[in-house]
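Please read the structure below before turning to the comments.
Any read-out appearing in this document is the output of simple, stated calculations on the displayed coordinates, not a laboratory observation. This structure is a prediction, so every number in the text was calculated from the model and none was measured. Virtual Cβ from ideal backbone geometry, glycine too; neighbours counted across all protein chains shown.
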Amino acid sequence: MLGLLLEDGTPDRRHKSRLSELMSSTTGIIRIATAYVTERQTLTSQPQRDRRLLISLLPMDVASGATSIESLVALIESGVQCRVLPQRPRLHAKVYIFGSSIAMVTSANLTRSALDSNIEVGVELQGKETMKLSAWFDQLWSIASTLTVKQLADVQSQTAALRREFMKLKQIAKRKTRDPRAHKAKVVLSDSLQQLLTNAPRFFVCNSDRVQGDRTPTGGFVLEEEMHNRGFATAWEDFRFPSHMEKVHPGDAIYMFAKGVGIIGIGMATGTYEKLVPGQDRRVSHVHETNEWRVPTQWLVWTDKAGAFQCKSPNRSLFTFWNVTESQYDDFRADVSTHFLGDA
């Protein structure tokens with residue numbers, strides 16, 4: 001045994017840093033067996049390597065968000081070979097093997113929570129133990145089924161109803177266990193908003209861009225009020241990930257995020273995006289001398305700081321328009337719903 005990898009809940013994440021180091025310092029086949037998958041960066045960082053991912057894929061794992069279909073699709077599209085074992089007996093091992101030189105046996109799945117926050121324990125092995133692990137992996141690999149993007153799309157479709165039911169139960173549980181002393185603004189909600197939060201096929205967050213534009217005479221923000229009054233979720237170039245806005249379709253949910261406050265509005269997309277060039281009529285803003293991207297939106301709730309769902313950016317990097325449909329954002333969406341739905 002080479003050593004222990006002990007996580008204690010602090011920001012010093014030993015599993016994450018060690019995996020990154022082994023990815024870059026070893027050669028040969030990368031073999032990973034894991035029960036759950038939501039993290040993709042570890043394997044996509046070495047596109048030239050032969051990368052093999054062996055997983056379990058149960059409907060409830062997908063419905064609960066323990067495994068992300070979106071992450072698996074991204075991994076396969078990046079060249080990772082992915083195979084799935086039969087549902088029984090279930091794969092529950094977490095093993096990372098790097099060539100024939102070194103391996104890690106750990107409690108940590110290939111998930112963001114395991115690598116970023118959970119208290120995990122792992123051990124590193126080398127020599128004969130690594131060879132035995134490789135043989136164990138290869139035997140399971142030989143009986144596992146190849147997983148394709150098309151199959152994942154079918155799984156996503158087949159588990160959609162189950163996932164909605166799981167989210168409803170999760171929201172109910174959060175409401176029942178919340179601190180009764182916590183003060184929350186009471187918002188009168190329409191049936192259409194409740195239906196949107198429960199059944200929208202996709203969810204997005206639009207940044208209200210408070211750092212730009214003018215203030216209103218009453219201390220508000222011009223761009224926010226223009227987006228609200230005219231019915232748009234808007235972004236101005238140059239911004240990251242315009243492909244996210246291109247994915248919006250009618251019926252999708254859009255949260256309006258104000259920096260330093262949180263979610264101040266929730267609406268339903270009523271069309272797809274459009275892009276207006278500088279100087280073109282009908283723009284929300286003529287302050288920005290850039291292309292204006294926007295999605296027509298029917299705002300169903302809009303509130304001030306006192307009624308907002310207080311939170312930081314749902315993505316650590318700077319963002320303007322962000323897709324929060326993936327399972328890694330399930331808790332974020334559930335918390336927003338609980339805040340605005342209250343006891344409804």
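So which trypsin sites (Lys or Arg not before Pro) in the range 1-103 pass both tests, a DSSP loop state and at most 15 other Cβ atoms within 10 Å of the Cβ? Those that pass, being in a loop and sparsely packed, are 90.
Sites listed here are trypsin sites (Lys or Arg not before Pro) in the range 237-285 whose DSSP assignment is loop and whose Cβ has at most 11 other Cβ atoms within 10 Å: 282.
Computed from backbone phi with θ = phi - 60° and the Karplus coefficients 6.51, -1.76 and 1.60, the 3J(HN,Hα) list for the range 8-16 is 10, x, 8, x, 6, 8, 6, 4, 4 Hz; x is used for glycine and proline.
Listed values for the range 28-35 are Karplus-derived 3J(HN,Hα) couplings in whole Hz (6.51 cos²θ - 1.76 cosθ + 1.60, θ = phi - 60°), namely x, 6, 9, 10, 10, 10, 8, 6, and x replaces Gly and Pro. With respect to the chain, whose longest principal axis is taken over its alpha-carbon atoms, helix 128-143 is tilted by about 70°.
Let me know the shape class of the range 1-70, please: from the alpha-carbon gyration tensor, a ≥ b ≥ c as square roots of the eigenvalues, rounded when a/c is under 1.5, otherwise prolate if a/b is greater than b/c, or oblate. In terms of gyration-tensor shape, oblate. Helix 160-177 and the longest principal axis of the Cα set of the chain meet at an angle near 70°. Here the range 3-158 carries DSSP beta bridges of which approximately 65% are antiparallel, counting only pairs with both residues inside. Taking the three principal axes of the alpha carbon atoms in the range 3-158, the coordinate ranges are 43, 34, 31 Å, sorted in descending order.
Please report the net charge: other residues with Cβ closer than 12 Å to the Cβ of residue 138, K and R +1, D and E -1. Before the final figure, lay out each step's value.
Details: positive: 31, 52, 83, 132; negative: none.
Cβ neighbours under 12 Å give a net charge of +4.
The distance separating the Cα centre of the range 8-39 from that of the range 56-105 comes to 13 Å.
Give me Rg/Rg_expected for the chain, where Rg uses Cα atoms only and Rg_expected = 2.2 N^0.38 Å with N residues.
Working: Rg = 22.8 Å, N = 344, 2.2 N^0.38 = 20.2 Å.
Working it through for the chain, the quotient is 1.13.
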